[in-house]
Every structure is written in structure tokens, then in C-alpha cells.
Amino acid sequence: EDDSQSTSIKHPNSFCSKAKKLDSKTRGQLIPLGNILKSTGNNTHQNPPTPLDPETSYFSHNPHLRLYLYRTYGIHFEDLTSDEAREAFVEFTAKYNAGELEEAYYSPGGLPQEAMDQCQRTQHRWKFRTNKVEERSLEVVRAGVRKQTEYDAGGDGSGGGVGGS
């Protein structure tokens, strides 16, 4: 009797083994990223503006991978080993190059900040005690960092967005 197909994960050491389904409440609160670039139900078969290379695009498209992992697998990028992250990026580039991702992944302006905020950098919840004045100060600092990051990503001061290319 062949029980090789009894496991749902083909590669137990794969990044997929860390996947956990987002609950319906969380899924319902995800920021919309637009339609799939190559929708199969209509005649709008668009190709990605520039195909990604799994070797050379890894760092420039890390925010895209981070968002993809969270929305697709419920995985936080920081929970992956280096090898798992590279494996995930190979999968991501295949889907990207085939036009199988939402429009926002291909936007020259970068990914929506609201969507990036939803895929926190870690599962851990820090429990710092802050008062309202400190909270407002932290929000001002966050906004300043975000603005500077977007400015730097644009290169020309246009605010290229998160992961803008």
C-alpha cells in the first residue's frame, strides 16, 4: 500500500509547513489589492511590466514577498529560515511573472502602506506601557519614518512607495 500521498505537504521542510490559514475575520479585514493581473474570466491578459529574477530581485521585492507570504500562507517572513525564504521567493516570482497576483504587486508606486501595516514584521506583541502623549509621539515618529522611506524609495522625491521600482 502506497501511503506517499497521505501527507498534505509535499516537502515537510518547506516553508509551506509553517503555513497557517488566516481566520475569516482577519481575511475579511485585508486591504484589497485589486484584481489578479491575468484574470482568467475576461480578456484582460496583461503581462507583468518587468519579469522578476529569483536571484537578483530578492532584496528589491522583499516587501512584496512579505505581503504575499502573510496573505497567502499566514506566514511572517521573520519566521522563515534563509533557505525557506529563498524557496518562497522562487514561488512568488513564478506567480508574479505569470501575472497571477493582484494588481498592487505590479504597481510602480509600490504596495499600499495600509496593506503592509497589516502584515506585521513579527507575530510577537510587545507590551510597552505608554500614555496618550507617548502614543501620539510614536505615531508622529512612525509617520516621519514612513514619509522618509517613501521619499528614499522614489529617489526623486516623488515618494515611490513601499518597494517601489
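The values are calculated or read from the model by the stated rules, or taken from the named source; none is laboratory data. Note that the coordinates shown come from a computational prediction; the quantities given were computed from them, not determined experimentally. Please note: Cβ atoms are built from the backbone with ideal geometry, for glycine as well, and neighbour counts cover all protein chains shown. Side chains included, ligands, DNA and RNA excluded: accessible areas come from the protein's heavy atoms. Shrake-Rupley method; radii C 1.70, N 1.55, O 1.52, S 1.80 Å.
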(request) Working only within the stretch 70-91, note down all residues that are free of Cβ contacts under 8 Å to residues at least 40 places away in the same chain and either at positive phi or not β-branched (Val, Ile, Thr) (or both). (result) 82, 83, 86, 89, 91
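In the stretch 48-91, what residues are acidic (Asp, Glu) and either open to solvent by 30 Å² or more (accessible area, probe 1.4 Å) or part of a loop (DSSP other than H, G, I, E, B) (or both)? So that I can check it myself, show each step before the final result.
Our first condition is that a residue be acidic (Asp, Glu); within the stretch 48-91, this holds for 53, 55, 78-79, 83-84, 87, 91.
Answer for the stretch 48-91, where residues must be acidic (Asp, Glu) and either open to solvent by 30 Å² or more (accessible area, probe 1.4 Å) or part of a loop (DSSP other than H, G, I, E, B) (or both): 53, 55, 78, 79, 83, 87, 91.
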(request) Of the numbered conditions (1) modelled with pLDDT of 90 or more; (2) in contact with a His (Cβ under 6 Å, 6 or more places away or on another chain), residue 53 fails exactly one; give the number of that condition. (result) (2)
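Free of Cβ contacts under 8 Å to residues at least 12 places away in the same chain and either over 24 Å from residue 28 (Cβ atoms) or open to solvent by less than 40 Å² (accessible area, probe 1.4 Å) (or both): is that true of residue 117 in this structure?
Numbers: free of Cβ contacts under 8 Å to residues at least 12 places away in the same chain: yes; either over 24 Å from residue 28 (Cβ atoms) or open to solvent by less than 40 Å² (accessible area, probe 1.4 Å) (or both): no.
In short, no.
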(message) If residue 8 meets every condition in (1) modelled with pLDDT of 85 or more; (2) of a type in the set (Gly, Ala, Ser); (3) loosely packed, with under 13 Cβ neighbours inside 10 Å apart from one, which number is that one?
(response) (1)
(message) Against the conditions (1) in a loop (DSSP other than H, G, I, E, B); (2) modelled with pLDDT under 90, where does residue 140 fall short? Just the number, please.
(response) (1)
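For the structure I just gave you, tell me whether residue 26 is modelled with pLDDT of 70 or more, open to solvent by less than 60 Å² (accessible area, probe 1.4 Å) and either not aliphatic (A, V, I, L, M) or not in a loop (DSSP other than H, G, I, E, B) (or both).
Working: modelled with pLDDT of 70 or more: yes; open to solvent by less than 60 Å² (accessible area, probe 1.4 Å): yes; either not aliphatic (A, V, I, L, M) or not in a loop (DSSP other than H, G, I, E, B) (or both): yes.
The answer is yes for residue 26.
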(message) Scan the stretch 92-113 and tell me whether some residue there is at pLDDT below 85, buried (at least 16 other Cβ atoms within 10 Å of the Cβ) and farther than 22 Å from residue 14 by Cα.
(response) yes
